[in-house]
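The values are calculated or read from the model by the stated rules, or taken from the named source; none is laboratory data. Source: prediction; values computed, not measured. All Cβ positions, even for glycine, are placed from backbone atoms using ideal geometry, and neighbour counts span all protein chains on display. The protein model used for the area step is the full one, side chains on, heavy atoms only, and it has no ligands, DNA or RNA in it. Shrake-Rupley method; radii C 1.70, N 1.55, O 1.52, S 1.80 Å.
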Amino acid sequence: MDAHKNKPGTDKTKSLQPDTENSEQQQLSTNQGLLINDNQNSLKAGERGPTLMEDFIFREKILHFDHERIPERVVHARGAGAHGYFELYESLKHYTKAKFLTDTSKKTPVFVRFSTVAGSRGSSDLARDVRGFAIKFYTEEGNYDLVGNNMPVFFIQDAIKFPDLIHAAKAEPDNEIPQAATAHDTFWDFISLMPESMHMIMWAMSDRAIPRSFSRMEGFGVHTFRFINENDVSTFVKFHWKPLLGVHSVAWDEAQKISGKDPDFHRRDLWDAIEEGLFPEWELGVQLVPEDKEFDFNFDLLDPTKLIPEELIPVKIIGKLTLNKNPENFFAETEQIAFHPGHLVPGIDFTNDPLLQGRLFSYTDTQLSRLGSANFHEIPINRPLAPVHNNQRDGHMRQTINAGKTSYQPNSIRSGCPFQTKIEDGGFSSYAEPLNATKIRERSKSFFDHFSQATLFFNSQSVHEKRHLINALKFELGKVELAEIRLRMLGLLSLISAELATEVAEGLGMTVPDKPMYPINESVPADAAIEDYQPSITSSTIKKSKALSMEFTVKNTIKARKIALIINNGMDGAVFNSIKTRLVAENALVKTVAPNLGFVQSLSNDKIKVDFSFLTTSSVLFDAVFVFDIENNSALLNNDLIQFVKEAYMHCKPLALPVHLLDHEEMAAVKVYAETEMGIILIKDGDANEVLEEFIKAVSAHRFWEREANF
Ligand code: HDD
């Protein structure tokens, strides 16, 4: 029996139970319910003869197998998801009539799917990429989908550019290389011609693009949406998810190694944390802007390449999301879930952000090719908990048996049912935004500052974050083969920061050009001056924003941190037990690592189970390493252990080490930092318990990036 089946669920997971098949203690059958007597051999004409066409059992099995795959998502193909619930801290009645945001007694069931964007279904979790953060709220008023990312802005301003962006980012079409990577010519060719992407490029080249786990990422609705209250008053809103574990990332070298050692690293982390009851949690925050303050900013609220600095509008924390149950079946739930920014409830509405407007077409449309039928809303994971009654009928794979004679309205035969609902009784009505417009195919002039917020982001990074961002650009542009693309990029970077452009140029062995080289925008209104519609820089009142750096999100917890306890024969079993117990009590995920699998024997002859050998795991799969001392120093100094510790050191992880480990010649660099404040804790007199508090503190700090200065 699967352990996770005993875990708590939500009203949504309960609603899935009638559709859940469980084979325990059951007989094997065909899809028609016929009991099967032999699932090992096909029906043949004689022992060594050909298979018979008549074998309907064989044919049914193979036919179904042949059709098991559906097209993967055109973007966000690689993902993982979980069930959970959302709880509201305080009512937002003043701003919205959405019931799940006004009634604090409600626990709204959700399903969340995290994803990378560019890679295919089988690609690595650790690709440098934006992460999708999509939530379906199963509210009593119908499904509400918040389909966001882990970055608050986007590459482009208008949805008509989306296919171009994705074609440029995905593997190149002639040879389908590279998989799940933007470090290639077509991506940077496009980006270097799209100055509007500069702010997002800063985010995508930052460590946010290589998160430590889904549970340590922020989430953003990106667009400005609208809240609508009972009195039809609209307030602009931006959504934020803030992880209770803080925002953390891995090192780029580590990310690349994880991609080889465990490409399912994020998926596994989410699964394991939920199985262990260490439920990932985020707080939901909102930035609220009254309708009459729309033009108070030096950027346009409708421009998805801009964020509202938290210094201007603070994030008001309003509730908490908890993920507490893994799916029963990946395909049925995570793969078949269908999100759409247009799945709304009364009290929430769109703005005219041209990226959002375009998305409203794409999402339903893509489900038709992916899931194959307009009835995709009937798939169990997509069904709302709210009742569904309408006159839509038939189509491929229809599940609902719609009783009755009428499938039209108005009708008298069924007294007009199903009937419409008045707005005051919960019927949806779109916000009556006054519009008086001319049809034009143009970009608003208010969208043309592509650089100020990119500069704000870069300047807000800590020293090591800046270093990582610069190195990411050196790596990505270093993989670009055409020199003119690199040069165009250097020109654009120079408009963000001279420091940034110069350092990247140095890595590329090039010089920053005097003038940027992006194309002239010729799409301007007939009576306007062309110069007024070119990329521009508006001076920003805010020079730095704390919220844009991950540095300030470290939390005082080691919950769900993966700690490698390196053990060996001849260790002190009592010390091991007390340390392990304490780390588990602090909600860390501890695993033992030793030269061989099986058991190690302590000094008092206790047997301690080994979870991994050096061959079956790697330091890159852990957040911290604790090496237990043993009687025999030479056994401790084995090469696998030295490499394990060294690599963890290079990735700036907290280490607790027996002091004589530093005698090894390869530990010279580690020795330099021992006993500094840089997360290397020495166990001197054998009793590792004495350093435990210091180690826990170091693990909660995540990484000691200052060490990199020495590399
Ligand atoms: Fe999108 C999937 C997020 C712009 C078209 N998008 C998709 C997913 C996420 C986002 C998280 C995966 C959902 C899941 O897990 O199933 N997309 C965004 C964000 C955007 C954005 C935050 C900008 C702010 N997307 C965007 C545009 C278009 C699309 C401009 C098209 C005009 N997105 C799609 C899609 C996908 C999708 C093709 C592929 C699979 C799916 O919808 O269901 O319709």
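Considering only protein heavy atoms and a 1.4 Å probe, what is the carbon-and-sulfur percentage of the accessible area of region 411-563?
Exposed carbon and sulfur together represent 52 percent of the surface.
Is there a quick way to get the dipole size of the chain? I mean about its Cα centre, with the Cβ of Lys and Arg at +1 and of Asp and Glu at -1; what is the value in debye to the nearest 20?
Once rounded to the nearest 20, the dipole reads 1240 debye.
Any idea of the accessible area per residue across region 111-249, 1.4 Å probe, to the nearest Å²?
24 Å²
Determine, for each peptide in 310-322, 209-221, the mean count of other beta carbons within 10 angstrom over its residues, then list the peptides with the highest first.
Ranked from most to least packed, the peptides come out as 209-221, 310-322.
Tell me which residues come under 5 Å, amide H to amide H, from Thr538 once H is placed; ignore anything under 5 positions away on its chain.
Result for Thr538 returns Phe451, Ser452.
Add +1 for every Lys or Arg and -1 for every Asp or Glu among the other residues with Cβ under 9 Å from the Cβ of Ala688, and state the total.
Values: positive: none; negative: Asp572, Asp629, Asp687, Glu690.
Local charge sum for Ala688: -4.
Leaving out ligands, DNA and RNA, and with a 1.4 Å probe, what % of the accessible surface on region 353-407 is carbon or sulfur?
Of the solvent-accessible surface of region 353-407, carbon and sulfur hold 56 percent.
Computing the accessible area with a 1.4 Å probe over protein heavy atoms, can you report the carbon and sulfur percentage for region 213-255?
Carbon and sulfur atoms account for 52 percent of the accessible area of region 213-255.
Given a 1.4 Å probe, how much area per residue of region 367-448 is accessible, in Å²?
On the way: 6240 Å² over 82 residues.
With the other protein chains kept in place, region 367-448 gives 76 Å² per residue.
Full extension from Asn632 to Asn39: what is 0.36 nm times the residue separation minus their Cα-Cα distance, to one decimal in nm? Spell out each step's value before the answer.
On the way: separation 593, 0.36 × 593 = 213.48 nm, distance 5.50 nm.
Value of the extension gain: 208.0 nm.
Positive end of the dipole of region 554-710, charges at C-beta (+1 Lys, Arg; -1 Asp, Glu), about the Cα centre: which of Thr616, Asn639, Gln601 has its Cα farthest in that direction?
Going by the charge dipole, the pick is Thr616.
Once the Cβ-Cβ distance between Gln392 and Ser446 is put in as r, and R0 is 41 Å, what FRET efficiency do you end up with, to the nearest 0.05?
Details: r = 40 Å, r/R0 = 0.98.
Efficiency for this residue pair is about 0.55.
Determine the gain in length on full extension of the stretch Glu690-Glu54; use 0.36 nm per residue of separation and subtract their C-alpha separation, reporting nm with one decimal.
Full extension of this stretch gives 221.6 nm more.
Over region 554-710, average the accessible area per residue using a 1.4 Å probe and give it in Å², no decimals.
Value returned for region 554-710: 43 Å² of accessible area per residue.
I'd like to know which of Thr502, Ala547, Gln399 lies farthest towards the positive end of the charge dipole of the chain, counting +1 on Cβ of Lys and Arg and -1 on Cβ of Asp and Glu.
So the residue furthest toward the plus end is Gln399.
Please report the net charge: other residues with Cβ closer than 12 Å to the Cβ of Thr108, K and R +1, D and E -1.
Net of charged neighbours comes to +1.
Highest first, please rank the peptides 35-42, 510-517 by the mean number of other Cβ atoms sitting within 10 Å of their residues.
Result, highest mean Cβ count within 10 Å first: 510-517, 35-42.
To the nearest 20 debye, what charge dipole does region 356-406 have about its Cα centre, counting +1 at the Cβ of each Lys and Arg and -1 at the Cβ of each Asp and Glu?
Dipole about the Cα centre, nearest 20: 60 debye.
Among the DSSP beta bridges whose two residues both lie in region 554-710, what percent are antiparallel, rounded to the nearest 5? Before the final figure, lay out each step's value.
Numbers: 5 of 22 bridges.
In region 554-710, approximately 25 percent of DSSP beta bridges are antiparallel ones.
For region 363-380, take each phi angle, set θ = phi - 60°, evaluate the Karplus expression 6.51 cos²θ - 1.76 cosθ + 1.60, and give the result in whole Hz per residue in order, putting x for glycine and proline.
In residue order, the calculated couplings are 6, 5, 4, 5, 5, 5, 7, 7, 9, x, 7, 5, 8, 4, 5, 8, 4, x Hz.
Taking H as built 1.01 Å from N, whose amide H comes closer than 5 Å to the amide H of Ile318, not counting residues under 5 places away?
For Ile318, the qualifying residues are Leu284, Gly285, Val286.
Select from Thr116, Asn471, Ala180 the residue farthest towards the positive end of the dipole of the chain; place +1 on Cβ of Lys and Arg, -1 on Cβ of Asp and Glu, and compute about the Cα centre.
Thr116
Which whole-Hz couplings ³J(HN,Hα) result when phi for each residue of region 191-208 is put into the Karplus expression 6.51 cos²θ - 1.76 cosθ + 1.60, θ = phi - 60°, listed in order with x for Gly and Pro?
So the J values, rounded to whole Hz, are 4, 5, 9, 10, x, 5, 7, 4, 5, 5, 4, 4, 5, 5, 8, 7, 5, 4.
Given the chain, what percent of its DSSP beta bridges are antiparallel, to the nearest 5?
Counting DSSP beta bridges with both partners in the chain, the antiparallel share is about 80 percent.
About the Cα centre of region 554-710, how large is the charge dipole given +1 on each Lys and Arg Cβ and -1 on each Asp and Glu Cβ? Please answer in debye to the nearest 20.
Once rounded to the nearest 20, the dipole reads 700 debye.
In nanometres, what is the gap between the two model label sites at Glu68 and Ala668, each 7 Å from Cα along Cα-to-Cβ?
5.4 nm
For a paramagnetic label modelled at 7 Å from the Cα of Trp271 toward its Cβ, which residues of region 616-645 fall within the zone defined by backbone nitrogen distances under 16 Å?
Nothing falls inside the zone, counting backbone N under 16 Å.
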